[in-house]
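Student: Here it is, the structure, as structure tokens.
Computed from the coordinates by the stated procedures, all read-outs in this text should not be read as laboratory data. Every value quoted in this text rests on a predicted model; they were computed, and no experiment measured them. As a convention, Cβ positions derive from the backbone with ideal geometry for all residues, glycine included, and neighbour counts pool all protein chains shown.
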Amino acid sequence: MAESTKTHWDMVYAQKTDDQLSWHQDDPAVSLALIEKVDATSASSVIDVGGGASRLVDCLLAKGFRDLTVLDLSQVALQNARNRLGKTADDVVWLCQDVTSWMPARSYDIWHDRAVFHFLVDQSDREKYVDHMVSALPIGGHAIIATFAPDGPSRCSGMPVVRYSPDELADHLADNFEPMSHHSHMHYTPWGMGQSFQFSLFRRIR
Ligand SMILES: C[S@@+](CC[C@H](N)C(=O)[O-])C[C@H]1O[C@@H](n2cnc3c(N)ncnc32)[C@H](O)[C@@H]1O
């Protein structure tokens, strides 16, 4: 991933408030429902890949989860989230990393990605992402991946994205993951524009 991509995301998070970010949501309800669906307990380890300044970590902390990691390319995004959480931020592991070059040092029960994989427009980056996901999840571990759906926007934050149907996404993961369920979701930006997402839940089988 080019250094300019990191600069882009740092600038976005430095210049915009949460309600100026199209992807912002106060309540990550679909993600939470899918985490519940895999029978996660507060002892489950969760990594939010490309978590940015998402509220998912706040919600999981409030539910008692204590093994939480947020990974993002943008140091500014992570700092914004840490500032918001205050002292509780010390209970979270914050990784400023590019998911396509990061080497996981441990494994997790749940991999969560909302609106990151779809930015990987090069096949080689998608392959690296999947390799790292496989390294980070044991057999039986779960992955939740949310992308723009085929009728969703073709760009986000000024950058091109790849839109996926659940089947198309499952094809990218087929060597190691079986799809468990998928859900259509209309996200409304803070200014009320609908964006069509698909959320897919996978289990690592090989
Ligand atoms: C559209 S935002 C979504 C943020 C968050 N997942 C949410 O739902 O609010 C995309 C995020 O992916 C991060 N990102 C983009 N490319 C990345 C990469 N290669 N590695 C890690 N994070 C990346 C950006 O910094 C940004 O925070």
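Student: From the Cα gyration tensor of segment 140-206, with a ≥ b ≥ c the square roots of its eigenvalues, which class applies: rounded if a/c is under 1.5, or else prolate if a/b is larger than b/c, or else oblate?
Tutor: prolate
Student: Right, something else. Would you mind ranking 188, 108 so that the residue whose beta carbon has the fewest other beta carbons within 10 Å leads the list? Intermediate results must be reported in sequence, preceding the final value.
Tutor: On the way: 188 11, 108 23.
Final ranking by Cβ density, sparse to dense: 188, 108.
Student: Moving to a separate point now. With a cut-off of 8 Å between alpha carbons and a minimum separation of six or more residues, what is the relative contact order of the chain in percent?
Tutor: Once normalised by length, the contact order is 20 percent.
Student: If you find the alpha carbon centre of segment 168-206 and of segment 73-88, how far apart are they in angstrom?
Tutor: Centre-to-centre (Cα) distance: 26 Å.
Student: Percentage of Cα-Cα pair distances in segment 110-170 greater than 13 Å, rounded to whole percent?
Tutor: Roughly 64 percent, rounded to a whole number.
Student: Separate question: What does the C-alpha gyration tensor say about the overall shape of segment 63-143? Classify as rounded when a/c is under 1.5, otherwise prolate if a/b is larger than b/c, or oblate. Provide the component values of the computation, followed by the final result.
Tutor: Numbers: a/c = 2.25, a/b = 1.37, b/c = 1.64.
Verdict is oblate for segment 63-143.
Student: P(r) for segment 1-64, please, calculated from all Cα pair distances in 5 Å bins and given in %.
Tutor: Calculated P(r), rounded to whole percents: 3, 13, 24, 20, 14, 12, 10, 3.
Student: Shifting gears a bit: If only Cα atoms are counted, what is the Rg of the chain, and what is its Dmax, in Å?
Tutor: Here Rg and the maximum Cα pair distance are 15.6, 43 Å.
Student: For the cross-link pairs 63/128; 6/128; 6/87; 16/87, which exceed 28 Å when the distance is taken from alpha carbon to alpha carbon?
Tutor: Result: 63/128 exceed 28 Å.
Student: Right, something else. Under 15 Å from the Cα of residue 37, which aspartates and glutamates turn up, not counting those fewer than eight places away in the same chain?
Tutor: Cross-link targets: 109.
Student: May I pose another question? Compute the signed sum of charges (Lys and Arg +1, Asp and Glu -1) over the other residues within less than 11 Å, Cβ to Cβ, of residue 141.
Tutor: +1
Student: Can you give the net charge of the other residues whose Cβ lies under 12 Å from the Cβ of residue 90, counting K and R as +1 and D and E as -1?
Tutor: Working: positive: 66, 82, 87; negative: 91.
Residues close to residue 90 contribute a combined charge of +2.
Student: Ok, one more. Lys and Arg at +1, Asp and Glu at -1: add these up for the other residues within a Cβ distance under 14 Å of residue 103 and post the number.
Tutor: Summing Lys and Arg as +1 and Asp and Glu as -1 gives 0.
Student: Right, another one. Each residue of segment 64-71 in order: what ³J(HN,Hα) in whole Hz does its phi give by Karplus 6.51 cos²θ - 1.76 cosθ + 1.60, θ = phi - 60°, with x for Gly and Pro?
Tutor: Running phi through 6.51 cos²θ - 1.76 cosθ + 1.60 with θ = phi - 60° gives x, 5, 10, 10, 10, 10, 10, 10 Hz.
Student: For a bin width of 10 Å, list the pair-distance distribution of segment 93-138 built from all Cα-Cα distances, rounded to whole %.
Tutor: 25, 60, 14
Student: Among DSSP bridges having both ends in the chain, what percentage is antiparallel? Round to the nearest 5. All intermediate terms of the calculation are to be shown ahead of the outcome.
Tutor: Details: 20 of 38 bridges.
Of all bridge pairs located within the chain, approximately 55 percent are antiparallel.
Student: If packing is taken as the average count of other Cβ atoms within 10 Å, what order do 89-97, 51-59 fall into, highest mean first?
Tutor: 51-59, 89-97
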